[in-house]
Amino acid sequence: MQKNYYQPAAETMQVDDIKKLQEEKLIKQVKYVYDNVKYYRDLMDEKGVKPEDIQCLADISKLPFLTKDDLREAYPYGMLATDLKNCVRIQSTSGTTGKRVVAFYTQNDIDMWEECCARAIVAAGGSNEDVVQVCYGYGLFTGGPGLNGGSHKVGSLTLPMSSGNTNRQIQFMMDLNATILCCTPSYAAYIGESLKEQGYKPEDNKLKAGIFGAEPWTEEMRRDIEKSLGIKAYDIYGLTETSGPGVSFECEEQTGMHINEDHFYAEIIDPETGEVLPEGSKGELVFTSLDKEAFPLLRYRTRDITILTREKCSCGRTFIKMKKPMGRSDDMMIIRGVNVFPSQIEAVLLNKGYAPNYQILVDRVNNTDTFEILVEMLPEDFSDTPKVITKKEKQLQAAMKEMLGINPTIRLVAPKSIARSEGKAVRVIDNRKKIGINV
């Protein structure tokens with residue numbers, strides 16, 4: 001099997017050498033942050049920790065955590081670690097749940113981020129002979145700029161399409177023979193659906209791979225996308241707070257995403273106690289940026305629930321892997337006392353042959369949670385006969401109860417009746433939040 005690496009010396013480094021490099025960078029970074037970021041220095045002082053207390057990787061547990069609330073409190077310049085004149089760009093989170101988080105970048109930060117994205121593209125089979133169509137949003141959102149820069153590093157012809165205007169996306173994809181598609185998985189599914197509606201078969205396009213991230217997706221959805229587009233679909237992970245996409249990425253083995261450990265140190269903690277858990281444990285993912293200059297975060301709680309493993313990978317990379325996030329510690333829904341993740345619902349739908357076009361509605365009526373799932377029927381299965389629809393709804397409800405341990409109301413709706421997304425799909429509408437219920 002041919003190995004595809006963008007930076008082979010780093011990506012295949014011996015594990016002992018990785019840890020030694022991380023330790024050297026961590027010690028240096030803690031002092032840099034302490035000296036230059038008053039907000040974090042105050043947190044360390046409050047905990048009684050000084051930079052000289054950090055002498056090895058295990059000592060990282062002495063440091064305080066950072067959360068998104070901290071970043072919002074420090075907005076806009078409170079976490080900046082260098083003079084503003086040294087910064088060349090900002091990126092920002094969506095701000096859909098509160099004040100935006102603004103991340104700053106020096107040119108070195110940009111170069112590091114784009115190199116991480118280039119590693120992901122090469123791991124997906126990309127080279128300077130490929131045409132990379134980037135359908136992530138551009139602007140403040142990190143998806144478009146990150147993969148755009150990574151594609152440039154690789155030397156691929158880059159189509160900076162951004163999101164939206166699906167007819168134009170398809171026109172350029174077909175006319176310019178795009179070979180790698182980069183977007184959210186929900187938009188990839190929509191493109192596949194649109195291609196079929198326009199009479200195209202999977203073999204009619206030149207795509208060979210897709211790099212999809214920015215929202216949760218299941219293995220069932222992966223296979224559905226691969227079938228509809230005739231590609232191999234690769235996962236990519238990142239968050240604005242640490243740089244953007246490219247913090248980790250999948251190789252051809254597709255058994256988890258390799259974390260770029262020369263730039264990021266990962267931990268798994270108990271989300272309730274903050275205790276560091278051993279490798280192989282399921283818990284909350286925490287990241288430390290080891291060499292960022294403008295916006296270096298130490299022990300940032302991502303709220304993503306996953307597992308880290310260093311099992312040997314056939315691709316030859318030695319970076320530790322993170323499993324596909326299994327949900328989030330802060331967007332998990334508690335309905336009638338039961339923990340529910342949208343990814344569980346999507347898995348049931350896809351296993352039962354439905355497309356991943358659905359919406360979850362949660363409310364509180366007479367002090368009792370209501371739980372309804374709207375699911376689009378496929379055009380070939382559509383029926384306006386109430387008896388047929390009711391039977392299918394009951395079958396799907398039984399499958400959901402088996403998966404979730406709770407009975408939702410299932411409502412099958414007509415094809416195309418749920419609004420499509422060209423960015424992140426809006427899967428959950430939880431009206432309990434409007435009346436101040438902590439969910």
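Within segment 279-305, the set of residues being of a type outside the set (Lys, Arg), more than 17 Å from PRO325 (Cα to Cα) and part of a loop (DSSP other than H, G, I, E, B) comprises LEU290, ASP291, GLU293, ALA294, PHE295, PRO296, LEU297, LEU298. The set of residues in segment 315-372 being at pLDDT below 85, farther than 15 Å from GLY405 by Cα and among the polar types (S, T, N, Q) consists of SER329, ASN366, ASN367, THR368. Can you find a residue that is assigned to a loop (DSSP other than H, G, I, E, B), surrounded by 15 or more Cβ atoms within 10 Å (Cβ to Cβ), of a type in the set (A, V, I, L, M, F, W, C) and in contact (Cβ under 8 Å) with a residue 60 or more places away in the chain anywhere in segment 325-333? No, that holds for no residue. Among residues of segment 227-278 being touching a Pro at 6+ places or on another chain (Cβ under 6 Å) and part of a strand (DSSP E or B), the one that is nearest to LEU26 (Cα to Cα) is GLY238. Taken residue by residue, segment 316-324 has at least one member that is in a loop (DSSP other than H, G, I, E, B) and β-branched (Val, Ile, Thr). Annotation note: Cβ proximity below 6 Å between a residue of segment 54-73 that is assigned by TED's automatic domain parsing to the domain that holds LEU285 and a residue that is hydrophobic (A, V, I, L, M, F, W, C) and assigned to a helix (DSSP H, G or I) (sequence gap 6+ or interchain) occurs for ILE54/ILE27; ILE54/VAL30; PRO64/LEU43. Restricting attention to segment 50-81, the residues that are surrounded by 18 or more Cβ atoms within 10 Å (Cβ to Cβ) and either of a type in the set (Ser, Thr, Tyr) or not in a helix (DSSP H, G or I) (or both) total 7. Being in contact (Cβ under 8 Å) with a residue 60 or more places away in the chain, under 22 Å from GLY256 (Cα atoms) and surrounded by 21 or more Cβ atoms within 10 Å (Cβ to Cβ) is a property that does not hold for ILE231. Just one of the listed residues (VAL375, VAL388, VAL348) is surrounded by 18 or more Cβ atoms within 10 Å (Cβ to Cβ), part of a helix (DSSP H, G or I), of a type in the set (Val, Ile, Thr) and on the phi < 0 side of the Ramachandran plot, and it is VAL348.
Here is the figure for segment 196-241: residues that are within 30 Å of LEU297 (Cβ to Cβ), at pLDDT 95 or above and not charged (D, E, K, R) total 8. Under the condition of being surrounded by fewer than 22 Cβ atoms within 10 Å (Cβ to Cβ) and under 16 Å from the mean Cα position of the chain (by Cα), which residue from segment 305-320 is nearest to ASP17 (Cα to Cα)? Among residues in segment 305-320 that are surrounded by fewer than 22 Cβ atoms within 10 Å (Cβ to Cβ) and under 16 Å from the mean Cα position of the chain (by Cα), the one nearest to ASP17 (Cα to Cα) is LEU308.
Picking from LYS19, LYS25, LYS3, which residue would you name as being modelled with pLDDT under 95 and under 28 Å from the mean Cα position of the chain (by Cα)? Let's see the steps before the verdict.
Values: LYS19 fails: modelled with pLDDT under 95; LYS25 fails: modelled with pLDDT under 95.
The unique qualifying residue is LYS3.
The values are calculated or read from the model by the stated rules, or taken from the named source; none is laboratory data. On a predicted model such as this, the values are computed, not experimentally measured, just so you know. Every residue, glycine as well, gets a Cβ built from its backbone with ideal geometry; the counts of neighbours run over all protein chains shown.
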